[in-house]
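Data block below; observations after.
The values are calculated or read from the model by the stated rules, or taken from the named source; none is laboratory data. The model shown is predicted, which means the values in this text are computed figures rather than measured ones. Cβ placement follows ideal geometry from the backbone for every residue including glycine, while neighbour counts extend to all protein chains displayed.
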Amino acid sequence: MTIQPAMPKSWRADTKPHKFCPGCGHGLVLKALGQAIDELGIQDRAVFGCDIGCSLLSWDFFNVDTVQTHHGRTNPVITGLKRANPDLIGIAYMGDGGGYAIGAQHLVSAATRNERITAILVNNTQYGMTGGQMAPTTLPGQKTETTPYGRDIEQTGHPTQGPEMVAAITKEGAYVARGTVANLRQLKNFIKKALQNQIEGNGFSFVEVLSTCPTNWRTNAKETWHFVENEMTQYFKIGEIKAPDSKGPEEGQTNG
Amino acid sequence: MPSKPIQDEKRVFMTGNEVVAWAALAARADIMYGYPITPQNEIMHYWTRLAPKHDKKFLQTEDELSAGFTTIGGVLAGFKAFTATAGPGNTLMQEPMSMAEMMRLPTVVVVQQRGGPSTATVIYSQQEVMLTTFGGNGEGLRIVYSTANHQELFDYTIKAFNSAWKYRFPTFVLGDGYQAKMREPLTIYDPLDKNIELVKPEPYVGKPGTPAIDRPPTQLRNTFSMEEELFEALQEIIGDYEKVAPEIAEYQSFGTEDADLVIIAHGVVSRAARLAVKEMQENGLKVGYFRPITLRPMPVKEIQEIASRVKRFLVVESAYGQLARLLKEAAYRSTAEMVPLYKPGVGVTAEEVVKKAKEILS
Ligand code: SF4
């Protein structure tokens, strides 16, 4: 991917072009996040934590204080930071493996405790950095390196419904949404609301983002967009699932 | 300004876990993160009772991974943060502490050793020596104080915060179940009243100003794409560690000058060793005593010096040779014999030490 024409102010220009593969969705998610940080004017007090997996490639992405943690452990690091200094705006950035597999207990517990942090989880249906193994989010029948004949849901379960789970276990004040790199305007708004929710001290905020991994999907541009727009959305509904002013999941707006 | 944690120096009769909570308070620790595991639980119990009165914080986490990583978060934000654990919890704690090691984060962990391997006993052992000194996929770049009594638990917990923030290496206070649960008399005090300087913490992230405008952004990572890059980073960290190791290392010794046998032990076992040596000396035997207080870094110079003139050591520990391994490395090139008295997972009495020593000397 080449340099974005309109680079968010909070991006660190000298580390661009970034290190993600061409066509990777991470750059788009981080663009939406950068814009949200700019619009909220929180570059000075945001702390960005990135997980292991391709998300770690963002360790020098922003002109924002950043710490790269271990696989699945970004939620606790940012939780610890926020608990010690509630004036900071803690952002935990992770992949689906980090959030739903190895760090699932941390996501569940941060949500249950209504930690005043913002977690952004990139769902690209497999483990990118390690070379495309099955993730909790892999679609039924999807071929990965560890499901070479397609994911067998009898043996390996259904794709994790992360935001729905988080919405179910959080109390009032939480913000939960699922966005997509196919709709950046909406995604930026979700992320902005999630950060705003933290700024207001309402509760845990969580945004899952449907994203692309053409490298491991082995897809061309057209197939990549087809997969994220048409196939992933059959299992993962786009929209706000829980907002502090809504009563519950059923009232969340969906516009996938 | 939070109230003074300890008004006047006073004699108290407390369990070791209570002592640790008071010491953390005296050291001006800001926040504890913890997960229940015996025998350290009462550290949390006392801390949660003391904390609100002194404007301190506590978070009970979902496991020890989280306790360690939230402690890292607290440190990154610039606060004196600590946790406490034991046994299988210490195993999990090694993952966050390897991150602290690489990033030079001054985390403080109090370990109250229990029996192992696995869940074993909740009572006592000295089997977490290797884990605490060299655990994790790292190089053991940490500070480990092995305490022997309640006064030391108090003194060295305060010191642990100071050493951590001064040298910026993860720091451990290595106690055990006996120390945790026993009651003992000791003197507690406010270190400031004794002119003990308390090293001030400072934030790694969230410093004043906007990154790239007023100051460079803090960007901490522990992943490297090139072998050489990692090698270079490690050279620096290892170099720093080697440089400060001699000033961190602490030990106690007596009677080693003309000894036929030197008894070496650490932690609570050193109390039995000390008693045994005193008794044998009174009976005219040429027996010496040596106790490393820091197990990382080891007091290498002193061990080498003694090993160069003493023919035999008796190594006594409640583990199967974990201390002995550290000693053998420290005494490299010495031909001194190291006779074991290993009692993994159980306590050692002075009588047992005397008996073994007499066997060796006869
Ligand atoms: S492997 Fe996939 S997720 Fe990772 S950078 Fe490349 S495209 Fe992005």
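Here are a few things to note about the model shown:
- Of all residues in the range A:70-104, those being more than 7 Å from every other protein chain (Cβ to nearest Cβ) and not acidic (D, E) number 21.
- Within the range B:86-106, being charged (D, E, K, R), assigned to a helix (DSSP H, G or I) and more than 11 Å from chain A (Cβ to nearest Cβ) holds for one residue alone: B:E101.
- Of residues in the range A:188-216 being within 16 Å of the ligand (Cβ to nearest atom) and more than 13 Å from A:L28 (Cβ to Cβ), the one surrounded by the most Cβ atoms within 10 Å (Cβ to Cβ): A:E208
- Listed by first and then second residue, the pairs with beta-carbon distance under 7 Å, at least 6 apart or on different chains, first residue in the range A:115-142 and touching a residue at least 24 places away in the same chain (Cβ under 8 Å) and more than 14 Å from every other protein chain (Cβ to nearest Cβ), second near the ligand (Cβ under 9 Å from one of its atoms) and among the hydrophobic types (A, V, I, L, M, F, W, C), are A:N124/A:C213; A:Q126/A:C213; A:G128/A:C54; A:G128/A:C213.
- The range B:98-114, residues that are surrounded by fewer than 24 Cβ atoms within 10 Å (Cβ to Cβ) and closer than 21 Å to B:G267 by Cβ: none
- Members of the range B:193-232 that are free of Cβ contacts under 8 Å to residues at least 60 places away in the same chain and of a type in the set (A, V, I, L, M): B:I196, B:V199, B:A212, B:I213, B:M226, B:L230
- Residues of the range A:143-164 that are within 16 Å of the ligand (Cβ to nearest atom) and either among the charged types (D, E, K, R) or surrounded by fewer than 20 Cβ atoms within 10 Å (Cβ to Cβ) (or both): A:K143, A:E145, A:T146.
- Failed item in (1) within 12 Å of chain B (Cβ to nearest Cβ); (2) among the β-branched types (V, I, T); (3) within 16 Å of the ligand (Cβ to nearest atom), with A:V67 passing the rest: (3)
- Any hit, the range B:130-146, residues being touching a strand residue (DSSP E or B) at 6+ places or on another chain (Cβ under 7 Å), in the same structural domain as B:I43 (by TED's automatic domain parsing) and assigned to a loop (DSSP other than H, G, I, E, B): yes
- Filtered residue count, the range B:165-199, keeping only those that are more than 11 Å from the chain's Cα centre (by Cα) and of a type in the set (G, A, S): 2
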